[in-house]
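S.K.: There's a structure below that I have some questions on.
Any read-out appearing in this document is the output of simple, stated calculations on the displayed coordinates, not a laboratory observation. Fair warning: this is a prediction, and the values are worked out from it, not measured in the lab. Positions of Cβ are generated from backbone atoms using ideal geometry, with glycine treated the same way; all protein chains shown enter the neighbour counts.
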């Protein structure tokens, strides 16, 4: 990642909070091992943390070996080398960056309620618009217990760990909280550390006030009040930031200022801001040049027989919010409209199975398989199947497909950002066209260089796929170049720098 | 209905538009018969129309005899006597009020698409929050055709009929459009009659902008732009009026003024306003005193054996938005919590089957029956079944039950107003307690005199039912009296008068 500009006047240290840890310890054959934490956010925060002079990172202990490491340090921070070979720091670590890690352990039953009953099913579903009247939660004793005895105490435990770190630094710090697992942390930290500068970044969409009425005030008001402990509540899009403020107004009755994008709470100003997250462009391009990706690209090219054959690609988790079934339906409809394309266009879907222990998610994977079978069966006389479904998590293959595809489709019902669109834009070398849902955060930046789709409209998505496949080469080239330029300019370093600049004194 | 005050300066005549007609003609045994149109809105508009000196009413021809009547008048207005015995006016009609009725006939295939494919399934579902990702519409060729070849031409046909009436009156008139069937009428009338004063009342909730993204811009933008042809767009609640303006801002990018509650469009000011609809209090009390109601009340009282027995009531159409299943689940949970109440509390549900040709609605009725059976089977040793489910439409029975019940539950997921709550408040004579959803329009006026429920929270609804059943008698009495006083003050005449006062020149 590029160097981040640190503005003057920020209170040190930076205290980060994320649910996932940047390192996972395990015990294999009696030996302690460690590997880097997975996921885009943790990767980005790791890059940030290793650039900062004074940083502490609070996160969840993910397994028994994490707990053992934490206990060896008597519950205080563990100094960890965050390199490609992460380890507990001992003795001289040379140039390798060392970050103090506070691994918070909570009782597993409490954690299950917090994570598996509130954050992932209920908050994720509300914020991605996945509920309707039939599918909404029936809030009974289990859900109330999960909130009261799971989400609340786990949030307070993490808040206390964060506040401990701030107090240890003398009470002033820049606290950067992350995501929907921790809506009750900021106001607790504010209570204990009134001089801390607190921001929270929410990486999923924030819907309007109506959506929150699925929860009773005893839950929803507390979640919103928790966030109002921040100085800045940050989102990927202006729309989410506005929705947050109108939620504050409608649910709590506070008067918000949509021009200044702020609200006064207890004599403090809380700002809502948008900073679109991005990717490490140089890092991704390095990967795209690697032999591993080259091998995958060769295989892919062989599988497309004809010279004029075209490749449509999607890369997603099998989450209903990704709208995978309607994407296939639109592809099937397009082939029916334009039978001359059958046998000439392949739809490669690289899908990572997700949350298969949740019945709705398991059923959704079934629907995906059924729709693919229906389309492929219709064209059983072709040299190849129109849809090539691969349920894999294979980053080199995904990058190879990014570089080769003619069309990348992202038709999500709702998506905080969607980095797939940004990744493909910077590594594609085939004048690929983005077909991009209006309901993704990426659409705010890339929409004008993409073919926009409306996620419930299968007719329109079919037409959009056809438009992308038949777009003249020079128009394709110009659109891709413009999209790539946007991503290069607004990269992950720019994302951090913009937040830090807004948090520096003098801006508020 | 009480006399409505007509403010000075309103342009005459008043041109009303509603989908339903105030009279329905039929042919029985070769004879033409006529009966009054059903439904609360038509009843209220009939009362209004008969008070106005100069009024024309545009509505849909509902059957072949309506079409025959219209044809006999060569497509122009039919003078109709709107009394208890409605008829085409001929010769001297004495004191009976005559209203010119314009019965608009559109091709039945077009009407089916307009009504059965767009207005009732799609707009109703969007505006009541009934869609989730799994239940949202898949917009394909059928839905696009239903919009383009149904909703659009039917709206234009009605708009032209309205504009004809305005032009016949010299181009100035007060045009009062009603409901979600006619979102494309106002701007067409505005085009043909720039001097008309146009208002449209929307009787169902208006959700925030997110909900409208189920539709592509080719539909949603057109619907919203159509409404912006009005001078005033009216709703039952301030929340719906605010949601309308934020929808205009987010979808059309127009800057709205939430303080003035207005938006500038093409040099005109369009205002969003809230006028909570109500009931004809005197008319309902007359009915409550009738022998028919007295007989039903006697039967009901006999069915409650013990002196201390209590009656919970609900009166609804079997629409999923009414949240009937969760209401029974909450009742079942309350009986499990408080077994001492089993055998002492009966839940009478008067439910009118609704839209049984729609699969989701038929399935919902099945869920209702299943939940009732589950609860009643659990208490098979009692003298009476805890739930008394009656699938009937019986107004005298409903009014009798209003007057006798201890608790009325209205736990709708979303409801523009809900008049059941207001009706029960003015005829109950048993210090009955309202248990009222926060998501009904009525809650804005009656919430502080009711026990509020949160429609997805079964635990909370169970507790609320128990609270209502065990509330001290003097608290019950005070709450009911306060609720009744609100309804008496804000009755249906006040609803009209407030709209007319706002529309009179000098107010805008």
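S.K.: Of the beta bridges DSSP finds with both residues in the protein assembly as shown, what % are antiparallel, to the nearest 5?
M.R.: Around 30 percent of the beta bridges assigned by DSSP in the protein assembly as shown are antiparallel ones.
S.K.: Next up: Based on the mean of other Cβ atoms within 10 Å per residue, sort peptides B:435-446, B:327-338 so the most packed one is first. Could you put the intermediate results ahead of the total?
M.R.: Numbers: B:435-446: 24.7, B:327-338: 21.5.
So the peptides B:435-446, B:327-338, ranked by packing, come out B:435-446, B:327-338.
S.K.: What percent antiparallel are the DSSP beta bridges of segment B:14-104, to the nearest 5? Provide the component values of the computation, followed by the final result.
M.R.: Numbers: 12 of 20 bridges.
Antiparallel bridges: around 60 percent, rounded to the nearest 5.
S.K.: So what's the gap between the Cα centers of segment B:19-78 and segment A:451-487, to the nearest angstrom?
M.R.: 51 Å
S.K.: Here's another thing I want to ask about it. What is the average number of partner chain Cβ atoms found within 10 Å of a Cβ in A:139-148? Before the final figure, lay out the partial values.
M.R.: On the way: counts 9, 8, 5, 1, 4, 4, 1, 0, 0, 0.
So the per-residue partner count for this stretch is 3.
S.K.: I would also like to ask the following. Give the average, rounded to an integer, of partner chain Cβ atoms located within 10 angstrom of each Cβ in B:287-293.
M.R.: Partner-chain Cβ atoms within 10 Å, mean over residues of B:287-293: 0.
S.K.: Taking 8 Å as the Cα distance limit and 6 or more residues as the minimum spacing, I'd like the relative contact order of segment B:14-104 as a percentage. Display every interim value, and only then the final one.
M.R.: Values: 164 pairs, mean separation 30.1, N = 91.
Result for segment B:14-104 is 33 percent.
S.K.: May I ask you to work out the translational diffusion coefficient for the protein assembly as shown at 37 °C, viscosity 0.692 mPa s, via Stokes-Einstein with Rh from the Kirkwood sum over Cα pairs, reported in whole µm²/s?
M.R.: 104 µm²/s
S.K.: Measuring label to label, 7 Å along Cα→Cβ, what does residue A:369 give against each other copy in nm, shortest first?
M.R.: For residue A:369, the other copies' label points sit at 3.4 nm, shortest first.
S.K.: What ranking do A:479, A:422 get, fewest neighbouring Cβ atoms within 10 angstrom at the top?
M.R.: On the way: A:479 22, A:422 28.
Lowest to highest Cβ neighbour count: A:479, A:422.
S.K.: For a footprinting-style exposure proxy, rank B:466, A:402 by other Cβ within 10 Å, fewest first.
M.R.: Going from sparsest to densest Cβ surroundings: B:466, A:402.
S.K.: Can you give me the angle between helix A:395-404 and the longest principal axis of chain A, using Cα atoms only, in degrees from 0 to 90, rounded to the nearest 10?
M.R.: Helix A:395-404 sits roughly 50 degrees off the main axis of chain A.
S.K.: OK, next. If the viscosity is 0.890 mPa s and the temperature 25 °C, what translational diffusion coefficient in µm²/s does Stokes-Einstein give for chain B when Rh comes from Kirkwood over Cα pairs? Could the numbers behind the result be given before it?
M.R.: Values: Rh = 24.2 Å.
After rounding, the answer is 102 µm²/s.
S.K.: Right, here's the next one. Express in % the proportion of alpha carbon pairs of segment B:138-228 at distances exceeding 18 Å. Each step should come with its number before you reach the end.
M.R.: Details: 1945 of 4095 pairs.
Of the Cα pairs, 47 percent sit more than 18 Å apart.
S.K.: Let me know the mean shielding of A:203-216 by other chains, meaning the per-residue number of their Cβ atoms within 10 Å of its Cβ.
M.R.: Mean inter-chain Cβ contacts per residue within 10 Å come to 4.
S.K.: For chain A, what relative contact order do you get, as a whole percent, if you take Cα pairs closer than 8 Å and at least 6 residues apart?
M.R.: So the answer I get is 13 percent.
S.K.: Quote the convex hull volume per residue of segment A:14-104, based on C-alpha atoms, as a whole number of Å³. Please list the in-between numbers first.
M.R.: Numbers: hull volume 8.8 nm³, N = 91.
Taking only Cα atoms, segment A:14-104 has a hull volume of 97 Å³ per residue.
S.K.: When DSSP beta bridges are limited to those with both residues in chain A, what percentage is antiparallel, rounded to the nearest 5?
M.R.: Working: 18 of 64 bridges.
Just about 30 percent of them are antiparallel.
S.K.: Sort B:385-392, A:85-92 by the packing proxy (mean of other Cβ within 10 Å over each peptide's residues), most packed first.
M.R.: Going by the mean number of other Cβ atoms within 10 Å, highest first, we get B:385-392, A:85-92.
S.K.: Next up: Rank by packing, highest mean first: peptides B:313-319, A:108-114, with packing defined as the count of other Cβ atoms within 10 Å averaged across residues. If you can, show how the numbers build up before the last one.
M.R.: On the way: B:313-319: 22.1, A:108-114: 17.0.
Those peptides, ordered most packed to least, come out B:313-319, A:108-114.
S.K.: If each residue's Cβ is checked for other Cβ atoms within 10 Å, how do B:143, B:298, B:250 rank with the fewest at the top?
M.R.: B:298, B:250, B:143
S.K.: Follow-up question, since we're still on this one. In deg cm²/dmol, rounded to 500, what helix-only [θ] at 222 nm does chain B give when every DSSP H run of at least 4 residues adds -39500 (n - 2.57) and the total is split over its residues?
M.R.: Mean residue ellipticity, 222 nm, calculated: -12000 deg cm²/dmol.
S.K.: Just check segment B:281-490 against the gyration tensor rule for me: Cα atoms, a ≥ b ≥ c as the square roots of the eigenvalues, rounded for a/c under 1.5, and otherwise prolate or oblate depending on whether a/b exceeds b/c.
M.R.: Rounded, since a/c falls under 1.5.
S.K.: Could you state, as a whole-number percent, how many of the C-alpha pairs of segment B:376-447 are farther apart than 17 Å?
M.R.: 53 percent
S.K.: What nm distances, shortest first, do you get from the label point of residue B:171 to those in the other copies when the point sits 7 angstrom along Cα to Cβ?
M.R.: For residue B:171, the other copies' label points sit at 7.5 nm, shortest first.
S.K.: Between the label point of residue A:383 and that of the same position in each other copy, find the distances and list them shortest first in nm, with every label point placed 7 Å from Cα along the Cα-to-C-beta direction.
M.R.: Computed spacing set for this position: 8.4 nm.
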